[in-house]
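K.L.:
Right, I'll just put the structure down here and ask away after.
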Amino acid sequence: MRIKKMICAAASVALMGSMAMAGNMSNAQIYNKYCQKCHGPNAEGNPAKKGPALNDKDINELFDALMNLEERGFEGSKHEAMTHNMKVLEKKKGIHVDPQSMAKYLYYSFNPNAK
Ligand code: HEC
């Protein structure tokens, strides 16, 4: 009984782990490859690309923004530029950004207020 439960727990942890990844890429890899050129290596923003800073947003703001892109689909979102980016990533590269794990990654990696 115990063992079964443990296997079950291990399997669901593995599942959650893989859901946090988009394809085979971690959020860090996705960020470095596809996000930092517009948002800066430390999410400080990149005015040349009009990418706003993300390191001053709290985790809920990040989650909301990313969720908003996903939920309202790619139309009707107030984030026009990002809507376009995410669509291109998904269609062309098969990379799906998970709003929750990406928000966590961004917040804990870059926001100086994150503890
Ligand atoms: C081509 C440039 C570009 C790339 C690449 C890009 N972004 Fe953005 N991003 C923008 C711009 C411009 C905005 C502001 C306008 C908008 O939201 O559409 C923005 C807005 C955002 C916001 C909302 C910020 C707020 O003020 O609420 C988040 C979160 C975000 N981006 C995350 C990401 C992530 C994660 C990636 C990588 C998967 C990424 N961006 C890739 C240009 C980019």
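Readers should treat all values here as calculations from the given coordinates under stated rules, not as data from a laboratory. Treat the numbers as computed from the prediction; the structure is a model and nothing was measured. Quick reminder, even Gly has a Cβ in these numbers, built from the backbone with ideal geometry, and neighbours come from all protein chains shown.
K.L.:
Any chance you could run the full-extension gain for Gln100 through Lys50? It's 0.36 nm times the residue separation minus the Cα-Cα distance, nm to one decimal.
P.N.:
Difference between extended and current length: 15.6 nm.
K.L.:
With label points built 7 Å along Cα→Cβ from the Cα atoms of Val88 and Asn32, find their separation and express it in nm.
P.N.:
The answer from the label model is 2.2 nm.
K.L.:
Lys and Arg at +1, Asp and Glu at -1: add these up for the other residues within a Cβ distance under 13 Å of Gln36 and post the number.
P.N.:
It works out to a net charge of +2.
K.L.:
For Lys104, what is the net charge nearby, where nearby means another residue's Cβ is under 14 Å from its Cβ and Lys, Arg count +1, Asp, Glu -1?
P.N.:
Charge balance in the 14 Å sphere: -2.
K.L.:
In addition: Filter the cross-link list Lys49/Lys115; Lys50/Lys87; Lys57/Lys115; Lys37/Lys92 down to pairs whose alpha-carbon distance in this structure exceeds 22 Å.
P.N.:
In this structure, Lys49/Lys115 exceed 22 Å between Cα atoms.
K.L.:
A further question on this structure: Simple spin-label model, 7 Å along Cα-to-Cβ: Ala81 to Met25 in nm?
P.N.:
1.9
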